[in-house]
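Report on one structure; see the data block that follows.
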Amino acid sequence: FGLIVASRIIDITLADGARRGAINTAYQALPASQRMTVQTGVEGIAAPLALGLTGLVLLAINAIGDVTVVHVVILTLLITLLWIASANRMYLHYADSLRQALRRRALDKTELTLDDSTSLAVVRRFLQSDDLTQVRLALDTLESAGHESLDRQLIALIGSSLPPLRVEALSRIERLRIEAAGPGVDRLARHDPDPGARGAAVRALCALQEADAVDLASAYLEDPAPEIRAGAAAGLLRYGGIAGVLNAGAWLTRLEASTDPADRQLVAQILGQVEAHNYYRPLLDLLADPDWRVRASALSAAGHVRHARLLPLIVDNLADSRTRSAATAA
């Protein structure tokens, strides 16, 4: 009697705790449009059928007659083994389906929560990858879920040995204004050996320190690496206040008048990074530049600036096969 009572208590506890939680977690890998249908089928059809099948098995055992406890134990053991095999296959398929859904970007903000350990483990595995696409998907998932570990993961990621991963983390730190990342960003802005990552770090430092970073960023306007100059100028224009705009504006005006197409192309790239609606005027000349590569960069920037005054010049660039693709995108 004691064993029967204990087994019943354990059964109810696990049914309400582990089993229901596991089933609800399994629905996570399904698209939202299918989830309600599947859940209705499982709870409204499968569960009653399983209870009916159990009743038929019990009736069959009673009808046989010479069934002993040993036979019942063997049958129970077989069912248990089938459950273990089914649960293992379900787990493996769930993790694989979740990874595929992340890769396809099939999950929106309402489709995935990170409350269960399996979903979080998949995201953490992506974060440990050297593949920028997988890392980006993991960060998108953490951000859309509002997960508390996002800041910590971004701070850890700026210590990566791979420059593209550092750039990705720095761009998000800039956008989210993660103050705790300040010391690491400052270190990269001063000492990162990769020009692209260093430029991203200077821009992120401007976002975090604003006017306090004007002197450091202004000094980088004359750096030999165009990536560093671009990051410094974009940071000054976006976050440097009056002093930053004056310093970067005078430098950009000089660069725009340069006879070197690479300088004019850099101006267009910086304006695209700033994405400021009222900084459209330099693009009027750059979209009519005699060098098609400068115009291509200006078209890319125009797509980010989005000012109506640029539209006629964008349309004019449709006539040149070398800039047609960029003009169409803009």
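General remarks:
- Of all residues in the stretch 216-270, those being among the basic types (Lys, Arg) and either open to solvent by less than 20 Å² (accessible area, probe 1.4 Å) or within 19 Å of residue 284 (Cα to Cα) (or both) number 2.
- Applying a threshold of 6 Å to beta carbon distances and a minimum spacing of six or more residues, or different chains, the list of pairs starting in the stretch 233-248 at a residue that is in contact (Cβ under 8 Å) with a residue 12 or more places away in the chain and ending at one that is surrounded by fewer than 23 Cβ atoms within 10 Å (Cβ to Cβ) and charged (D, E, K, R) reads 239/210.
- Residue match in the stretch 91-100 (condition: farther than 25 Å from residue 20 by Cβ, at pLDDT below 75 and either open to solvent by less than 60 Å² (accessible area, probe 1.4 Å) or not hydrophobic (A, V, I, L, M, F, W, C) (or both)): yes
- Scanning the stretch 75-84 finds one or more residues that are part of a helix (DSSP H, G or I), at pLDDT 85 or above, open to solvent by 70 Å² or more (accessible area, probe 1.4 Å) and of a type in the set (S, T, N, Q).
- Boolean, residue 96 is farther than 30 Å from residue 120 by Cβ and charged (D, E, K, R): no
- Residues in the stretch 185-199 that are open to solvent by 20 Å² or more (accessible area, probe 1.4 Å) and closer than 21 Å to residue 152 by Cβ: 186, 187.
- Filter pass, residue 293 being surrounded by 13 or more Cβ atoms within 10 Å (Cβ to Cβ), within 23 Å of residue 217 (Cα to Cα), over 29 Å from the mean Cα position of the chain (by Cα) and touching a residue at least 12 places away in the same chain (Cβ under 8 Å): no
- Checked against the criterion of being open to solvent by less than 70 Å² (accessible area, probe 1.4 Å), among the basic types (Lys, Arg) and either in a helix (DSSP H, G or I) or modelled with pLDDT of 85 or more (or both), the stretch 11-20 has no qualifying residue.
- Index of the failed condition, residue 306 passing every other in (1) out of contact with any Asp or Glu (no Cβ under 7 Å at 6 or more places or on another chain); (2) open to solvent by 20 Å² or more (accessible area, probe 1.4 Å); (3) at pLDDT 95 or above: (3)
- Cβ pairs under 9 Å, 6+ apart, first in the stretch 35-58 and of a type in the set (Lys, Arg), second open to solvent by less than 50 Å² (accessible area, probe 1.4 Å) and modelled with pLDDT under 85: 35/27; 35/28; 35/111
- Condition check for residue 273 on (1) open to solvent by less than 30 Å² (accessible area, probe 1.4 Å); (2) touching a residue at least 60 places away in the same chain (Cβ under 8 Å): one failure, at (1).
- Any hit, the stretch 272-284, residues being outside any helix (DSSP H, G or I) and small (Gly, Ala, Ser): yes
- Each residue in the stretch 41-74 was checked for being open to solvent by 70 Å² or more (accessible area, probe 1.4 Å), of a type in the set (A, V, I, L, M) and closer than 21 Å to residue 20 by Cβ, and 4 of them qualify.
Each row is one residue, and each column tells you yes or no for (1) closer than 24 Å to residue 251 by Cα; (2) open to solvent by 20 Å² or more (accessible area, probe 1.4 Å); (3) in a helix (DSSP H, G or I); (4) touching a residue at least 40 places away in the same chain (Cβ under 8 Å).
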{"site": "161", "(1), (2), (3), (4)": "no, yes, no, no"}
{"site": "171", "(1), (2), (3), (4)": "yes, yes, yes, no"}
{"site": "182", "(1), (2), (3), (4)": "no, no, yes, no"}
{"site": "211", "(1), (2), (3), (4)": "yes, yes, yes, no"}
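- Any chance residue 227 is part of a helix (DSSP H, G or I), under 21 Å from residue 195 (Cβ atoms) and among the acidic types (Asp, Glu): yes
The values are calculated or read from the model by the stated rules, or taken from the named source; none is laboratory data. As the structure is a prediction and not an experimental result, all values here were calculated from the model. For neighbour counting, all protein chains shown are included, and Cβ atoms are generated from backbone atoms with ideal geometry for every residue, glycine included. What goes into the accessible areas is simple: the full protein's heavy atoms, side chains included, and nothing from ligands, DNA or RNA. Shrake-Rupley method; radii C 1.70, N 1.55, O 1.52, S 1.80 Å.
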